[in-house]
Amino acid sequence: MSNQQALVIFSGGQDSTTCLIQAIQTYGRENVQAITFRYGQRHAVELERARRIAQDLGVRQTVLDLSLMRQITHNALMDETAAIETADNGVPNTFVDGRNALFLLYAAIYAKGQGIRHIIAGVCETDFSGYPDCRDVFVKSMNVTLNLAMDYDFQIHTPLMYLTKAQTWALADEMGALDYIREQTHTCYNGIVGGCHECPSCILRERGLAEYLESIVD
């Protein structure tokens, strides 16, 4: 099995879909797989969008159940009765402790079993919600840890790490996928199709799109 295969951690949102399309263009559709996690998130829209997009793009998708996380942590992203708020330290209560560490771990276990060395994650520390596990230093540390833990040469790629949301939309446009990503992806924390326009995720997405569209008009 070729080492030039890639596994994309895929949620069905704007960022991971951008990464998935970029991976298809980089590695070839036949060499790309997607892995999606069901971890007890408060709405099913994202999972359904992920399934639909993977099918539409002709990419093999594996869905793993990590809902056991609900037994050990509590946050607004996994509790549909909780109001979404931002704490005094700037981190929204939608932050799920350990989520990206678990995602990368399980993705790596799966990737090694498939003979895949390239793992792609759509995390970003430039224009994000303040999540500590979206930082480059965390991803690099996980890359080292996973290589040591499994004695395997993983390469974790984060193509959006230093892009603003406007720049992520620009990348989508360069790949000819802006309209597709705009219409097919879901990022709203409240699970509202088309977005609630109020949660931190919707605000970042819509502000970035507006900035990009203004820049190409100017």
**Request:** Amide H neighbours of Val8 under 5 Å, at least 5 residues apart or on other chains, H built in the peptide plane: list them.
**Result:** Gln33, Ala34, Ile35, Ile120
**Request:** Using a 1.4 Å probe and counting only protein heavy atoms, arrange Arg117, Arg99, Arg135 so the residue with the most accessible area comes first.
**Result:** Arg135, Arg117, Arg99
**Item:** Share of carbon and sulfur in the accessible heavy-atom surface of segment 10-64 [1.4 Å probe, %]
**Value:** 43 percent
**Complete:** Residues meeting the amide H criterion for Ile156 (H placed from the backbone, H to H distance under 5 Å, 5 or more places apart or on another chain) are Ile119
**Prompt:** Across every pair of different alpha-carbon atoms, what Kirkwood hydrodynamic radius in Å does segment 129-218 reach?
**Reply:** 15.2 Å
**Asked** Summing Lys, Arg as +1 and Asp, Glu as -1, what charge do residues with Cβ under 14 Å from the Cβ of Val139 carry, Val139 excluded?
**Response** -1
**Item:** For segment 125-218, accessible area per residue (1.4 Å probe, heavy atoms of protein chains only), Å²
**Value:** 51 Å²
**Message:** What are the equivalent ellipsoid semi-axes of segment 119-177, built from the alpha-carbon gyration tensor (square roots of five times its eigenvalues), in whole angstrom, biggest first?
**Reply:** 25, 15, 6
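The values are calculated or read from the model by the stated rules, or taken from the named source; none is laboratory data. Model, not experiment: these values are computed from the prediction. Using ideal geometry, Cβ is built from the backbone for each residue, glycine included, and neighbour counts are taken over all protein chains shown. The protein model used for the area step is the full one, side chains on, heavy atoms only, and it has no ligands, DNA or RNA in it. Shrake-Rupley method; radii C 1.70, N 1.55, O 1.52, S 1.80 Å.
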